[in-house]
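Trainee: The structure's right below; bear with me while I get my questions together.
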Amino acid sequence: MNTAPPKLRIDKWLWHARFFKTRSLAAARVSDGAVRINGTATTKRASMVSAGDVLTFAIGERVRVIRIEALGTRRGPAVEAQGLYTDLSPPAPRPEDKLTENPAFDGKGRPTKKDRRKLDLSKSRHLE
C-alpha cells in the first residue's frame, strides 16, 4: 500500500493559517501569481501543498517566507493557526529604523522658532 502524504489546496491553507481574511482573497492573490510554492510561481488556486513546502508571498509591504508544518482541518483561533507554519521571513523593520521625513526635527510636539529655522536651512541645503 502506497499512501501519499495528505495535501490541501493552497488558497484553503492560506485561509486556514489566517494570512487572508477570506478564502476568495487568498484565491485572488494566488491567481495573480503573487504566491510561490518552493520557489516556483503558481497561478492555480487549486495547487496542492503539503507539510514541508515553503511559500513566499507579499502582504502589504512585507514579504513573508513560510514553511508549512501542518495542514489545518478548519479555520480556528489564531493560536491554532500559528501552529500550522514556521515563519522564515526576516523580522519586520522597527519604526525607529525607518528614515523620518525630516531628520532635523525630533518630532516632539510643535517645532519652536529655532527648530523651524534649522528645518528651513536644512531644506534649502538639500535643494542645492
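Condition check ((1) modelled with pLDDT under 95; (2) among the basic types (K, R); (3) more than 17 Å from the chain's Cα centre (by Cα); (4) exposed (fewer than 15 other Cβ atoms within 10 Å of the Cβ)) across all residues:
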position	(1), (2), (3), (4)
P6	yes, no, yes, yes
A17	no, no, no, no
V49	no, no, yes, no
A78	yes, no, no, yes
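Trainee: Could you check segment 36-62 and list, in sequence order, the residues that are within 20 Å of P6 (Cβ to Cβ), in contact with a Ser or Thr (Cβ under 7 Å, 6 or more places away or on another chain) and part of a strand (DSSP E or B)? It would help to see each step written out before you state the result.
Mentor: Looking only at segment 36-62, we keep the residues that are within 20 Å of P6 (Cβ to Cβ), and these are 37-38, 42, 44-55.
Within this subset, residues satisfying the condition of being in contact with a Ser or Thr (Cβ under 7 Å, 6 or more places away or on another chain) are 37, 45.
Matches in segment 36-62: I37 only.
Trainee: Looking only at segment 19-47, which residues are crowded, with 16+ Cβ neighbours inside 10 Å, more than 18 Å from the chain's Cα centre (by Cα) and of a type outside the set (K, R)? Before the answer, list the steps.
Mentor: From segment 19-47, those crowded, with 16+ Cβ neighbours inside 10 Å are 19-20, 23, 26-27, 29-30, 35, 37, 42, 45, 47; that's our starting set.
Within this subset, residues satisfying the condition of being more than 18 Å from the chain's Cα centre (by Cα) are 45, 47.
If the condition is that a residue be crowded, with 16+ Cβ neighbours inside 10 Å, more than 18 Å from the chain's Cα centre (by Cα) and of a type outside the set (K, R), then S47 is the only one that fits.
Trainee: In segment 63-74, is there at least one residue being part of a strand (DSSP E or B), modelled with pLDDT under 95, surrounded by 11 or more Cβ atoms within 10 Å (Cβ to Cβ) and not hydroxyl-bearing (S, T, Y)? Before you say what the answer is, go through the steps one by one.
Mentor: At the first step, the residues of segment 63-74 found to be part of a strand (DSSP E or B) are 63-68.
Subset that is modelled with pLDDT under 95: 63-64.
Retained after the next criterion (residues that are surrounded by 11 or more Cβ atoms within 10 Å (Cβ to Cβ)): 63-64.
Then drop every residue that is not not hydroxyl-bearing (S, T, Y), which leaves 63-64.
Yes.
Trainee: Within segment 77-86, is even one residue in contact with a helix residue (DSSP H, G or I) (Cβ under 8 Å, 6 or more places away or on another chain), part of a loop (DSSP other than H, G, I, E, B) and closer than 25 Å to P5 by Cα?
Mentor: To start, the set of residues in segment 77-86 that are in contact with a helix residue (DSSP H, G or I) (Cβ under 8 Å, 6 or more places away or on another chain) comprises 81, 84.
Next, from what is left, pick out any that are part of a loop (DSSP other than H, G, I, E, B): 84.
From what is left, the residues that are closer than 25 Å to P5 by Cα are 84.
There is at least one residue in segment 77-86 that is in contact with a helix residue (DSSP H, G or I) (Cβ under 8 Å, 6 or more places away or on another chain), part of a loop (DSSP other than H, G, I, E, B) and closer than 25 Å to P5 by Cα.
Trainee: Give the residues of segment 1-35 that are among the acidic types (D, E) and in a loop (DSSP other than H, G, I, E, B), sorted by residue number. Before you say what the answer is, go through the steps one by one.
Mentor: Pass one, segment 1-35, residues among the acidic types (D, E): 11, 32.
Correct list: D32 only.
The values are calculated or read from the model by the stated rules, or taken from the named source; none is laboratory data. As the structure is a prediction and not an experimental result, all values here were calculated from the model. Note that each Cβ is placed from the backbone with ideal geometry, even for glycine, and that neighbours are counted across all protein chains shown.
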